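Okay, structure first, notes after.
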Amino acid sequence: MRRVQNYITNHPKIAGLVLVIFHAVGLVGLASSEYRSLFISLTPFNLLLGAILLLTFHRNFTLRTGLVFIAIAVWGFLVEMMGVNTGWPFGEYTYQSALGVKLVNTPLLIGLNWVVLSYGFFTLAKKIKAHWVIQMLVAAIGMVVLDLFIEPLAPFMDMWIWAEGSPPFENFVAWFAVSLVCMLIYEKLLGKHQNKLAIWFVATQFVFFTLLNLIAF
């Protein structure tokens, strides 16, 4: 098992290809009215697969690393739980069924989603030759840009719906603020690291949601 893990982590293109294939299959399935419900129900599996692959490529995984990921997951979940139950800070919205089991009207997997997305953008931003503050701002802005691509598809994918029919401006402000906190936690607690799959992960997310927007609308 250890040998297989070492082989995979030394060949990010293989894992990247796996991500591409799964998202391509998902794209085809979601574009089909006949199989769309089935593929929507597989959303938690796709999220878990992406998370496992991405975090497998994290170098120097320690107990501290695990605690940082847990802190981000708890932070993301608590903010979402507050948001969906009070309407602050994102606005009034309701989670549907695609993201799986819920606790207090909030999908348990949403915390993991905050972990992998923020980690992917943080890792890429750290490659920018600039002050760390600039890196964190770029990473948080990247998260907001991705959300702009996701929001139109949320009802289509049965993930969440907005009371007003579309996300209010405050949602994007909150996404930036929550994302920035994630980046600061990573910056101060995660330390130097490498992840060769991060660029594959982030690029796959952008391509998938861009193409799905074109297909769905």
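The values are calculated or read from the model by the stated rules, or taken from the named source; none is laboratory data. Keep in mind that this is a model prediction, so the values were computed, not measured. Please note: Cβ atoms are built from the backbone with ideal geometry, for glycine as well, and neighbour counts cover all protein chains shown.
Would you mind stating whether residue 215 is under 14 Å from the mean Cα position of the chain (by Cα), closer than 30 Å to residue 32 by Cα and either modelled with pLDDT of 95 or more or surrounded by fewer than 18 Cβ atoms within 10 Å (Cβ to Cβ) (or both)? Steps first, please.
On the way: under 14 Å from the mean Cα position of the chain (by Cα): no; closer than 30 Å to residue 32 by Cα: yes; either modelled with pLDDT of 95 or more or surrounded by fewer than 18 Cβ atoms within 10 Å (Cβ to Cβ) (or both): yes.
Judged against the criteria, residue 215 is not a match.
Mind telling me which of the residues 68, 145 ends up being surrounded by fewer than 21 Cβ atoms within 10 Å (Cβ to Cβ), without any contact (Cβ under 8 Å) to a residue 60 or more places away in the chain and part of a helix (DSSP H, G or I)? Explain how you work it out, then say what you get.
Numbers: 68 fails: without any contact (Cβ under 8 Å) to a residue 60 or more places away in the chain.
Being surrounded by fewer than 21 Cβ atoms within 10 Å (Cβ to Cβ), without any contact (Cβ under 8 Å) to a residue 60 or more places away in the chain and part of a helix (DSSP H, G or I) holds for just one of 68, 145, which is 145.
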Subject >> Candidate set from segment 88-106 (those that are free of Cβ contacts under 8 Å to residues at least 40 places away in the same chain and not in a loop (DSSP other than H, G, I, E, B)); member that is surrounded by the most Cβ atoms within 10 Å (Cβ to Cβ) >> reply: 106
**OP:** List the number of the failed condition for residue 24; all other conditions in (1) at negative phi; (2) in contact (Cβ under 8 Å) with a residue 24 or more places away in the chain hold.
**Re:** (2)
**OP:** Would you mind finding the one in 175, 160, 200 that is crowded, with 18+ Cβ neighbours inside 10 Å, touching a Lys or Arg at 6+ places or on another chain (Cβ under 9 Å) and not polar (S, T, N, Q)?
**Re:** 200
Original post:
Taking segment 163-172 on its own, how many of its residues are in contact (Cβ under 8 Å) with a residue 24 or more places away in the chain and surrounded by fewer than 17 Cβ atoms within 10 Å (Cβ to Cβ)?
Top reply: 4
**OP:** Search segment 29-46 for residues that are in a helix (DSSP H, G or I) and pair each with any residue that is aromatic (Phe, Trp, Tyr) and crowded, with 16+ Cβ neighbours inside 10 Å when their beta-carbon atoms are under 6 Å apart and the residues are at least 6 apart or on different chains.
**Re:** 29/39; 30/39
Original post:
Any chance segment 134-155 includes a residue that's modelled with pLDDT of 95 or more and out of contact with any helix residue (DSSP H, G or I) (no Cβ under 9 Å at 6 or more places or on another chain)?
Top reply: yes
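Specify the residue that is nearest to residue 78 (Cα to Cα); the eligible residues are those in segment 155-210 that are assigned to a helix (DSSP H, G or I) and acidic (Asp, Glu).
Within segment 155-210, the first condition is being assigned to a helix (DSSP H, G or I), and the residues that meet it are 169-190, 198-210.
Cutting the leftovers down to acidic (Asp, Glu) gives us 170, 187.
Working: 170: 18, 187: 21 Å.
Filtering first and then ranking leaves 170.
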Subject >> Identity of the residue in segment 47-65, touching a residue at least 40 places away in the same chain (Cβ under 8 Å) and not hydrophobic (A, V, I, L, M, F, W, C), that ends up farthest from residue 26 (Cα to Cα) >> reply: 64
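Within segment 51-65, how many residues turn out to be touching a helix residue (DSSP H, G or I) at 6+ places or on another chain (Cβ under 6 Å) and in a helix (DSSP H, G or I)?
Keep residues of segment 51-65 that are touching a helix residue (DSSP H, G or I) at 6+ places or on another chain (Cβ under 6 Å), which gives 51, 53-54, 57.
Next, from what is left, pick out any that are in a helix (DSSP H, G or I): 51, 53-54.
The number of residues fulfilling the criteria is 3.
Kindly establish whether residue 57 is modelled with pLDDT of 95 or more and under 29 Å from residue 14 (Cβ atoms). Full working, then the answer.
Numbers: modelled with pLDDT of 95 or more: no; under 29 Å from residue 14 (Cβ atoms): yes.
No, not satisfied.
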